[in-house]
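Peer 1: Okay, handing you the structure first.
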Amino acid sequence: MVSSDIDSAFVEFDHVQKSYDGETLVVKNLNLSMAKGEFLTMLGPSGSGKTTCLMMLAGFETATHGDIRLGGVSINNISPHKRGIGMVFQNYALFPHMTVAENLSFPLDVRRMPKAEREEKVMRALDMVQMGEFGGRRPAQLSGGQQQRIALARALVFEAELVLMDEPLGALDKQLREHMQFEIKHIVDGLGITVVYVTHDQTEALTMSDRVAVFNDGVIQQIAAPDELYERPRNSFVAQFIGENNTLTGSVTKIEEGAAEVTLDDGEVIDTVPVNVSAVGDRTRVSIRPERVEFDLSRLPPGAHTVNAEVMEFIYMGDTFRTRLRVAGNDEFIAKTRNAPGQNRLRPGAKLKIGWHPQDCRALDA
Amino acid sequence: MSAATRAGPVLAADGTPLKRSLARALRMQKIRALLLVAPLLVFVLITFVTPIGQMLFRSVENDLVADTLPLTVAALADWDASAGELPEEPVFNALARDMIVAVREKNHTKLGTRLNYERTGMSSLFRKSGRQISRWDPEEDAPFRERLIDVHEGWGEIDTWKTIQTHSRRLTPGYFLNAVDMQLTPDGPMAQPESKRILIKLFGRTVWMSLVITVTCIILAYPVAYLLANLPLRKSNLLLIMVLLPFWTSLLVRTSAWKVLLQQQGVINDTLVWLGLVADEARLVMINNQFGTIVAMTHILLPFMILPIYSVMRTIPPAYVRAAKSLGATDWTAFWRVYFPQSVPGIGAGSILVFILAIGYYITPEIVGGTKGVFISNRIAYHISFSLNWGLAAALGTILLVAVLILYWCYDRIVGIDNVKLG
């Protein structure tokens, strides 16, 4: 008997392992469950196992160990064409010898749907991606963005409840990519379908997803909502991989509930939130986001520690200023400030004190 | 200023038209490029285009009669063959004068051989008359009419003269008519006698067998090409070497190997007899017939089918088949509706290559074809080296060439030549 907890999960990976050569595991003991209608992104560097997971879910790779369940039913032994999962491929994989309309009607055709119904659904899907007039064209006659829309329409046209997307925007230029991110998000939200999205682009992951699973080395490092992931990374890999991040190394000198004092390697003392440290003497790598660095010490809570900094470089970026500092021997310490009236433009060589709210500084694994 | 630029041609900075100054700038480049290819161009022109052109011209060239018997041809121009009467004395006189010269220059037997293609008996007529006529004097021995008929009764036959008259034109459709089992008679083009009609049948057989070979090659090559394109690199390289291995072996050796395998005392028959599947006295006849030619040529031409198909398949990303499956297609549907249509250009290229090679193949049918399995090319070779009827050989070759070109044109119209990928 399955528990009620498993019942509510729509997609579930249960202790899944995958090895290609029988020597190394590409995916190590993956456990993941997704609710219906969720937009989950698998994010990670190449070779981290995210695409393998997607391929196992689609049925093009078989799990070496463990169970993959869809709607509570194990799909390990169901062949890909019977899974009813829509998929958008990296280079769209639109069939070049068929017109756009034929591409879209292919999944309906193999399901032996009557012609009238097929045409109506194809038309509706084309309208949904605003490509209604392009039914008679060949994929080669379309631009990258248009092909992307057709690929999306084709994955959605047969009303799959689960759609997988394998770096679908990878081949587009930056501006179009950002535009398509919102478009895809709106379409799938409107249809209420469940999406598993694979990308190595962290902005894409943050802007589109309900939850993001950060992969590294075949293991999910953290799975959380975008804000949680960005603001409260659980380990230094996630902190480094998501967004820009400053790290300083040191050892814990005082620890209590919710706060830890860390002595940096040059002897300065800072306040942190303990995440992966538990005892005095633990080595740690602390993480501070550049935009949380404070130059105006009066805004810090009373009694907060400050550190010495020297300005190495000042970069004007329009909406923001980037100041590169040397802090505790690290010359790659970045502080980001908004281009607001009265904001100081620091000169290289200037020496000053900086600080941050203790809750913005997280003591992670060394 | 701006009005002038709008109205007239675009000008370069120094005022010359831009087109001319561009042409001047590119001229040096063009000349240099031409000089680089010139040696090859000359080589191809001298050793390839010219001989082929000459050979093709031989299929209509017919100078021998007009050159050897110039006076006779002129005299015969007024003779009405349909009246049913022998020509008058002036024609005989002209013939005698021509023959005296021809015999002195030893041209009369050549002429006899040439006319013998058209009418049997002409060869011996010229040879036998030549010996006597050589002793005659054009002035003293006239008149010649009775004298010539005395020397050989052939000169008294109207058909002899008709034949000379018919074939006296310098360009003749005769060889082409011969090539399609017809002949140019004094009464116009006629069908050859039943016993001599073999060429049309041979053309038909050549096309038919080439088609069979092409289809067999497609069936055998497609799975191999698929494996080549889809196996892991190390295995596919090994397979590719095995595909190419026959290329590195002499054609004669490969064909002879088939002889060893297929003959009645050969490996296959011996094995079958030993296994008891075939009785010793009823050994299979697998060589010196069409079967032998088809088997050996399929084997020899197979790489020409495998390689184009392989090179096209290699460019088909595996994502297409995956996409088809994710959209609900079974393995077969995904293959048939998505993979196969994309591999068709390779099949087209391979088929053209194999068919064109097969239709003009010579060595293999010669060795393993016997009498039933030979191609038109073997007949061409026969006319080139044994019967020495080069005109007919040239006509057969021209027909073959035109047939291939027509086929190519049809393919272009139906499939589109842009769809052919050779690599």
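Peer 1: Cβ-Cβ under 7 Å, sequence separation 6+ or interchain: first residue in region B:315-331 and more than 7 Å from every other protein chain (Cβ to nearest Cβ) and open to solvent by 40 Å² or more (accessible area, probe 1.4 Å), partner in a loop (DSSP other than H, G, I, E, B) and of a type in the set (Lys, Arg). Which pairs?
Peer 2: none
Peer 1: Moving on to the next point. Quickly run through region B:178-201 and pick out the residues that are crowded, with 19+ Cβ neighbours inside 10 Å, in a helix (DSSP H, G or I) and not polar (S, T, N, Q).
Peer 2: Once the filter is applied, which keeps residues that are crowded, with 19+ Cβ neighbours inside 10 Å, in a helix (DSSP H, G or I) and not polar (S, T, N, Q), region B:178-201 yields B:Ala179, B:Leu199.
Peer 1: To continue, here is another question. Note down all Cβ pairs under 6 Å where the first residue falls in region A:116-136 and is without any contact (Cβ under 8 Å) to a residue 40 or more places away in the chain, the second is basic (Lys, Arg) and buried (at least 20 other Cβ atoms within 10 Å of the Cβ), and they're at least six residues apart or on different chains.
Peer 2: From region A:116-136, the pairs are A:Met131/A:Arg149.
Peer 1: Sort out which residues of region A:45-58 are assigned to a loop (DSSP other than H, G, I, E, B) and either surrounded by 13 or more Cβ atoms within 10 Å (Cβ to Cβ) or acidic (Asp, Glu) (or both), and write them in order of number. Step through it out loud before you land on a result.
Peer 2: Let us first name the residues in region A:45-58 that are assigned to a loop (DSSP other than H, G, I, E, B), namely A:45-49.
A:Pro45, A:Gly47, A:Ser48, A:Gly49 - these are the residues of region A:45-58 that are assigned to a loop (DSSP other than H, G, I, E, B) and either surrounded by 13 or more Cβ atoms within 10 Å (Cβ to Cβ) or acidic (Asp, Glu) (or both).
Peer 1: Right, next: For B:Ser351, state whether it is touching a Cys at 6+ places or on another chain (Cβ under 9 Å), in the same structural domain as B:Ala225 (by TED's automatic domain parsing) and of a type outside the set (D, E, K, R). Let's see the steps before the verdict.
Peer 2: Numbers: touching a Cys at 6+ places or on another chain (Cβ under 9 Å): yes; in the same structural domain as B:Ala225 (by TED's automatic domain parsing): yes; of a type outside the set (D, E, K, R): yes.
So B:Ser351 passes the test.
Peer 1: So which pairs qualify, if the first residue must be in region A:330-347 and open to solvent by less than 70 Å² (accessible area, probe 1.4 Å), the second must be in a loop (DSSP other than H, G, I, E, B), the Cβ gap must be under 6 Å, and the two must be at least 6 apart or on different chains?
Peer 2: Note: pairs meeting the criteria are A:Ala335/A:Val293; A:Thr337/A:Gln343; A:Asn339/A:Asp319.
Peer 1: Say whether the condition of being away from every other protein chain (no Cβ under 14 Å), in a loop (DSSP other than H, G, I, E, B) and under 30 Å from A:Pro96 (Cα atoms) is met by at least one residue in region B:397-420. Step through it out loud before you land on a result.
Peer 2: Within region B:397-420, the subset away from every other protein chain (no Cβ under 14 Å) is B:397-414, B:417, B:420.
Next, only the ones that are in a loop (DSSP other than H, G, I, E, B) stay: B:420.
Going one step further and asking which of them are under 30 Å from A:Pro96 (Cα atoms), we end up with B:420.
For region B:397-420, residues away from every other protein chain (no Cβ under 14 Å), in a loop (DSSP other than H, G, I, E, B) and under 30 Å from A:Pro96 (Cα atoms): present.
Peer 1: Quick one: would you say B:Ala334 is within 10 Å of chain A (Cβ to nearest Cβ) and assigned to a loop (DSSP other than H, G, I, E, B)? Explain how you work it out, then say what you get.
Peer 2: Details: within 10 Å of chain A (Cβ to nearest Cβ): yes; assigned to a loop (DSSP other than H, G, I, E, B): no.
So B:Ala334 does not fit the description; no.
Peer 1: From A:Met180, A:Met165, grab the single residue that is open to solvent by less than 60 Å² (accessible area, probe 1.4 Å), part of a helix (DSSP H, G or I) and in the same structural domain as A:Phe39 (by TED's automatic domain parsing).
Peer 2: Numbers: A:Met165 fails: part of a helix (DSSP H, G or I).
Among A:Met180, A:Met165, only A:Met180 is open to solvent by less than 60 Å² (accessible area, probe 1.4 Å), part of a helix (DSSP H, G or I) and in the same structural domain as A:Phe39 (by TED's automatic domain parsing).
Peer 1: Can you tell me which residues in region A:285-303 are over 23 Å from A:Asp227 (Cα atoms) and buried (at least 16 other Cβ atoms within 10 Å of the Cβ)?
Peer 2: As a first pass, look at region A:285-303 and keep what is over 23 Å from A:Asp227 (Cα atoms): A:295-299, A:301-303.
Once the filter is applied, which keeps residues that are over 23 Å from A:Asp227 (Cα atoms) and buried (at least 16 other Cβ atoms within 10 Å of the Cβ), region A:285-303 yields only A:Phe295.
Peer 1: Further question: Please name all residue pairs, on different chains or six or more residues apart, with Cβ atoms under 8 Å, provided the first residue is in region A:348-366 and is buried (at least 20 other Cβ atoms within 10 Å of the Cβ) and the second residue is among the aromatic types (Phe, Trp, Tyr).
Peer 2: Pairs that qualify, where the first residue is buried (at least 20 other Cβ atoms within 10 Å of the Cβ) and the partner is among the aromatic types (Phe, Trp, Tyr), are A:Ile354/A:Phe295.
Peer 1: Further question on the same structure: Would you check if A:Thr207 is open to solvent by 10 Å² or more (accessible area, probe 1.4 Å) and among the β-branched types (Val, Ile, Thr)? If you could, list the steps in order and put the result at the bottom.
Peer 2: Values: open to solvent by 10 Å² or more (accessible area, probe 1.4 Å): yes; among the β-branched types (Val, Ile, Thr): yes.
Answer is yes for this residue.
Peer 1: Taking the residues in region A:59-77 that are surrounded by fewer than 21 Cβ atoms within 10 Å (Cβ to Cβ) and under 18 Å from B:Val321 (Cβ atoms) as candidates, determine which candidate is nearest to the other protein chains (Cβ to nearest Cβ).
Peer 2: This residue is A:Phe60.
Peer 1: Sticking with this structure for a sec: Looking only at residues in region A:83-99 that are small (Gly, Ala, Ser) and either assigned to a loop (DSSP other than H, G, I, E, B) or more than 8 Å from chain B (Cβ to nearest Cβ) (or both), which one is surrounded by the most Cβ atoms within 10 Å (Cβ to Cβ)? Break it down stepwise before answering.
Peer 2: Applying the first criterion (small (Gly, Ala, Ser)) to region A:83-99 yields A:84, A:86, A:93.
This time we only want the ones that are either assigned to a loop (DSSP other than H, G, I, E, B) or more than 8 Å from chain B (Cβ to nearest Cβ) (or both), so: A:84, A:93.
On the way: A:Gly84: 19, A:Ala93: 26.
Taking the candidates together, the pick is A:Ala93.
Peer 1: While we're looking at this one, here's another question. Looking at region A:100-142 only, could you name the residues that are on the phi > 0 side of the Ramachandran plot and within 11 Å of chain B (Cβ to nearest Cβ)?
Peer 2: Within region A:100-142, the first condition is being on the phi > 0 side of the Ramachandran plot, and the residues that meet it are A:112, A:130.
Once the filter is applied, which keeps residues that are on the phi > 0 side of the Ramachandran plot and within 11 Å of chain B (Cβ to nearest Cβ), region A:100-142 yields only A:Arg112.
Peer 1: Among the residues of region B:118-156 satisfying the criterion of being touching a residue at least 12 places away in the same chain (Cβ under 8 Å) and among the β-branched types (Val, Ile, Thr), which is least open to solvent (accessible area, probe 1.4 Å)?
Peer 2: B:Ile133
Peer 1: From A:Leu32, A:Leu40, grab the single residue that is touching a helix residue (DSSP H, G or I) at 6+ places or on another chain (Cβ under 9 Å), away from chain B (no Cβ under 14 Å) and not in a loop (DSSP other than H, G, I, E, B). So that I can check it myself, show each step before the final result.
Peer 2: Numbers: A:Leu40 fails: touching a helix residue (DSSP H, G or I) at 6+ places or on another chain (Cβ under 9 Å).
Only one candidate passes the filter, namely A:Leu32.
Peer 1: Residues in region A:126-134: is at least one over 19 Å from the mean Cα position of the chain (by Cα) and acidic (Asp, Glu)? Before you say what the answer is, go through the steps one by one.
Peer 2: In the first step, residues of region A:126-134 are kept if they are over 19 Å from the mean Cα position of the chain (by Cα); the result is A:126-134.
Pick out the ones that are also acidic (Asp, Glu) and you get A:127, A:133.
For region A:126-134, residues over 19 Å from the mean Cα position of the chain (by Cα) and acidic (Asp, Glu): present.
Peer 1: Something else now. Are there any pairs with C-beta distances below 6 angstrom linking a residue in region B:80-93 that is modelled with pLDDT of 80 or more to a residue that is surrounded by fewer than 13 Cβ atoms within 10 Å (Cβ to Cβ), with the two at least 6 apart or on different chains, and if so which?
Peer 2: What qualifies is B:Glu89/B:Pro143.
The values are calculated or read from the model by the stated rules, or taken from the named source; none is laboratory data. Everything quoted here is computed from the prediction, not taken from an experiment. Don't worry about glycine lacking a Cβ; one is built from the backbone with ideal geometry, like all the others, and counts go over all protein chains shown. When the accessible area is computed, the model is the full protein with side chains, heavy atoms only, and any ligands, DNA or RNA have been set aside. Shrake-Rupley method; radii C 1.70, N 1.55, O 1.52, S 1.80 Å.
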